[in-house]
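A.B. asks: This is the structure I have questions about; it appears just below.
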């Protein structure tokens, strides 16, 4: 009897966690594969907020460029994002793919950074003047 009660509470908890708000699929919904690309680019644009560009400008807002690239506006993104949030399994799939892409990019740049640091250290070691090593006490000489 106690097991049945625990089982019922568990089932109730699972169903109560599911979102009850369901949105109809919007007419201008951004397709899932494009949403992945869009969110990936948005994360990259957001990550550049404190970085100077080639014109030595920083704190530029690149989101407008992302919207232009995908030929959408912020309201279309908001409506599509709201729909995917309400369908949490699809949203989870989208973010897992975005995260995977970002990790690949991070590893790529980390490897390049490590190789540049290694090359700089090797160059510094090769260019360093040779130090004389004296054996014994210098006062005795």
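A.B. asks: Looking only at the range 37-53, how many residues end up being closer than 16 Å to residue 94 by Cβ and modelled with pLDDT under 75?
C.D. replies: The total comes to 0.
A.B. asks: With the condition kept exactly as written, say whether any residue in the range 113-124 is loosely packed, with under 10 Cβ neighbours inside 10 Å and modelled with pLDDT under 70.
C.D. replies: Yes; the residues of the range 113-124 include at least one that is loosely packed, with under 10 Cβ neighbours inside 10 Å and modelled with pLDDT under 70.
A.B. asks: Can you tell me which residue in the range 15-36 is farthest from residue 100 (Cα to Cα), limited to those that are touching a helix residue (DSSP H, G or I) at 6+ places or on another chain (Cβ under 8 Å) and at pLDDT 90 or above?
C.D. replies: Of everything passing the filter in the range 15-36, 28 is farthest from residue 100 (Cα to Cα).
The values are calculated or read from the model by the stated rules, or taken from the named source; none is laboratory data. What you see is a predicted model; the values in this text were computed from it and never measured. FYI the Cβ positions are ideal-geometry reconstructions off the backbone, even for glycines, and counts take in every protein chain you see.
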